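All remarks here apply to the structure that follows.
Derivation of every value follows stated rules applied to the coordinates shown; laboratory data play no part. Nothing here was measured: the structure is a model prediction, and the numbers come from that model. So basically every Cβ, Gly included, is an ideal-geometry build from the backbone, and we count neighbours across all protein chains shown.
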Amino acid sequence: MERASAYEIFGAPVPPPEETIDIELTETDSAENGLYTPESSAISEEEAKAAFMKYVQRHRLYGTGVVRQCTIDSIRCVDAFHYMLETFTESRSTRLVEKPFEGDTGNDDDVNDDTPKSILEPWDVSVEPHKYFEDDSAHIRVPNSEQTKSCPSCLGVCKVTCSFCGGTGSTRCLACGVEDPPSKPGENGGENGGIIEKGPCQECNGTGRKGCSPCSESGDKACSKCNEKGKLKCHVELIVQWKNNWDDFIVDYVGAVPEKVLRRLQGKIVIKDEKRKLSPLSNFPNVDINAASKELIENHHSEYSSHCKILKQRHQVRVIPISDVRYTWKNKNRNFFVFGENHDNVYAPNYPQRYLCCNVM
Ligand SMILES: [Zn+2]
Ligand SMILES: [Zn+2]
Ligand SMILES: [Zn+2]
């Protein structure tokens with residue numbers, strides 16, 4: 001595909017060249033990361049009771065009798081999964097940097113020289129990110145893009161037309177506004193119905209025009225673009241932007257713990273992979289994670305590949321162990337949840353032995 005020179009338009013992102021080499025997609029190897037099974041994160045009855053006791057002791061108004069007297073009926077793994085995808089992209093744009101021509105470079109021949117030089121296209125300039133999966137940017141002077149040219153503002157004469165007077169050297173006198181037609185008798189409701197006699201305007205001596213002070217009545221001003229040099233030194237600057245784009249998905253069938261808490265909780269990474277281009281998971285023992293992986297990878301590809309270059313991708317699945325513990329106390333069945341890698345988080349809705357403040361006093 002023939003691509004127009006990127007240096008005709010500045011500012012907009014330059015689409016990356018099409019991939020010429022097909023990247024071989026290989027599935028993340030689950031076995032390599034230690035295959036996940038629900039049994040692998042199950043907790044024992046003792047661990048469940050210990051976590052329950054810690055939880056109750058943290059609550060000043062909870063009685064510990066329930067924990068001591070209850071019998072555990074069942075422990076069921078209801079683990080939550082946290083899938084996370086990161087796509088590290090690079091985008092490139094250019095900008096023309098123009099500065100007044102200061103001093104002699106020893107080569108004045110290139111003034112008005114519009115002969116195209118061999119300049120590398122934006123995506124052909126070699127730049128490496130400092131670190132992968134971290135936002136960053138770089139500003140690079142494109143080699144061979146330096147040029148000295150006649151100032152387009154003043155066309156090389158170092159002066160520009162004064163914007164206040166339009167080059168005439170004078171402006172309308174605002175003190176008398178004599179250019180407005182004089183009011184006719186009776187029209188302005190004067191007491192005698194006649195023109196009020198007054199002398200010529202002090203400001204303009206009755207001419208209606210005043211000398212333009214910003215240009216000292218010369219009608220032109222020093223060109224600020226070239227700083228009165230008549231020439232500009234310019235070069236193309238390449239702006240490279242690296243961005244780490246991420247998305248995640250949580251599978252939690254119980255819903256006992258809010259998602260934002262689950263994101264913070266320690267879990268166990270059971271799958272982790274980093275590649276130039278990822279293939280969606282399809283063998284993970286949870287179909288919803290496989291579906292989320294497919295959807296997010298496809299979304300990232302369609303969202304970023306048109307205007308960015310995808311440099312690298314990585315994804316991981318974290319298992320956040322959650323156990324649903326059923327217990328009996330005083331012939332009533334209840335449950336609590338133990339979650340987190342170290343079993344130190346418990347959620348026990350409707351704990352049966354709570355005291356009101358006044359009972360304690
Ligand atoms: Zn100029
Ligand atoms: Zn002026
Ligand atoms: Zn006047």
(Q) Could you check the spin-label model distance between Arg60 and Val261? Points 7 Å from the Cα along Cα→Cβ, value in nm. (A) 2.1
Q. Whole number please: convex hull volume per residue of the Cα set in region 285-349, in Å³?
A. 142
Q. How big is the shadow of the Cα convex hull of region 239-361, averaged over all directions, in nm²?
A. 12.5
Q.
Take the residue pairs Lys272/Lys312; Lys49/Lys260; Lys272/Lys309; Lys149/Lys229; Lys131/Lys275; Lys260/Lys312 and return only those whose Cα atoms are more than 18 Å apart.
A. Lys49/Lys260; Lys272/Lys309; Lys260/Lys312
Q. So what's the net charge close to Ser153: Lys and Arg +1, Asp and Glu -1, counting the other residues with Cβ under 14 Å from its Cβ?
A. +4
Q) Around Ser323, what is the net charge, scoring Lys/Arg as +1 and Asp/Glu as -1 over all other residues with Cβ under 9 Å from its Cβ? A) -2
Q: Would you mind calculating the gained length between Ser137 and Tyr253 on full extension (0.36 nm times residue separation, minus the Cα-Cα distance), in nm to one decimal?
A: 37.7 nm
Q: Apply 1/(1 + (r/R0)^6) to the Cβ-Cβ distance of Ser306 and Cys234, taking R0 = 30 Å, and write down the FRET efficiency to the nearest 0.05.
A: 0.50
Q) Residues with beta-carbon under 14 Å from that of Thr71, excluding Thr71: net charge, scoring Lys, Arg +1 and Asp, Glu -1? A) +3
Q. Across region 210-225, in residue order, what do the Karplus-derived ³J(HN,Hα) couplings come to in whole Hz, using 6.51 cos²θ - 1.76 cosθ + 1.60 with θ = phi - 60° and x for Gly and Pro?
A. 10, x, 7, 7, x, 10, 6, 6, 8, x, 9, 10, 5, 6, 7, 5
(Q) At 7 Å along Cα-to-Cβ for each site, give me the label-to-label distance between Glu46 and Asn283 in nm. (A) 3.6
**Q.** Label-reachable residues, region 68-88, where backbone N falls under 19 Å from a point 7 Å from Asn350's Cα toward its Cβ
**A.** 70-76
